[in-house]
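Only one structure is covered here, and it is reproduced in the block below.
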Amino acid sequence: MPIELGAYTPLRDQQADALMAQVRLVLEDLITHIDHVGSTAVKNLPAKPKFHLDVILKNANHLGEAVSRLEAAEYAPLGFLYERDVFHLTRASRNMPEENGECVPQPAHRICLCFPDALAPRRRAAFRDALAADGNLRRDYEALKRRLITQDDQDWDAYSAGKTQFIETALRSLNRTDLGFTDRL
């Protein structure tokens, strides 16, 4: 599947709100909050057409029940991919029926079930906020993403890995102790 970046549109915000409301209905008693992170969460930043939601569990012991509920809602579990305290699930785009009988397109999205003290969701939210606040950072990140798409011949792993250093540098420059970096720029 090719990597494509779509322009920002206010529809992304509406879609994210709808996704978060649906997830909240499924997991309400197991979670503290849901965060829309990633490029789709940043106004004026082109993004892949896949949303990323960090769902913070009240307790790590709720993971099994949360995964079961999301699987029943047609999410595919991906497991612990990058961190030992964040469990990934995904669902492809599809049309969702509304009360009036019309179908509304729902974008593809990833849900990360995060343990309460997980570092990754704090970092993702901090990077999202930094991009939203800094037009130069946003412009540089967009340029990097576009360059990676062309140089890595649509390789998703290379695309993702190619952004890591940029993101870590941006996060270190925030000088926030809660982001877990022991070294500073």
Among the residues in the range 128-149, are any exposed (fewer than 15 other Cβ atoms within 10 Å of the Cβ), in contact with a helix residue (DSSP H, G or I) (Cβ under 9 Å, 6 or more places away or on another chain), at pLDDT below 95 and over 22 Å from H36 (Cα atoms)? yes
A16 passes all but one of (1) small (G, A, S); (2) at pLDDT below 95; (3) under 22 Å from R123 (Cα atoms); (4) surrounded by fewer than 18 Cβ atoms within 10 Å (Cβ to Cβ); which number fails? (4)
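For R123, indicate whether it is of a type outside the set (V, I, T), over 21 Å from N175 (Cβ atoms), open to solvent by 30 Å² or more (accessible area, probe 1.4 Å) and modelled with pLDDT of 95 or more.
In short, no.
Got at least one residue in the range 25-33 being in contact with a strand residue (DSSP E or B) (Cβ under 8 Å, 6 or more places away or on another chain) and either basic (K, R) or open to solvent by 50 Å² or more (accessible area, probe 1.4 Å) (or both)?
yes
The values are calculated or read from the model by the stated rules, or taken from the named source; none is laboratory data. As the structure is a computational prediction, the values presented were derived from the model and not from experiment. Cβ: placed from backbone, ideal geometry, glycine included. Neighbour counts: every protein chain shown. All accessible areas refer to the heavy atoms of the entire protein, side chains included, with ligands and DNA or RNA removed. Shrake-Rupley method; radii C 1.70, N 1.55, O 1.52, S 1.80 Å.
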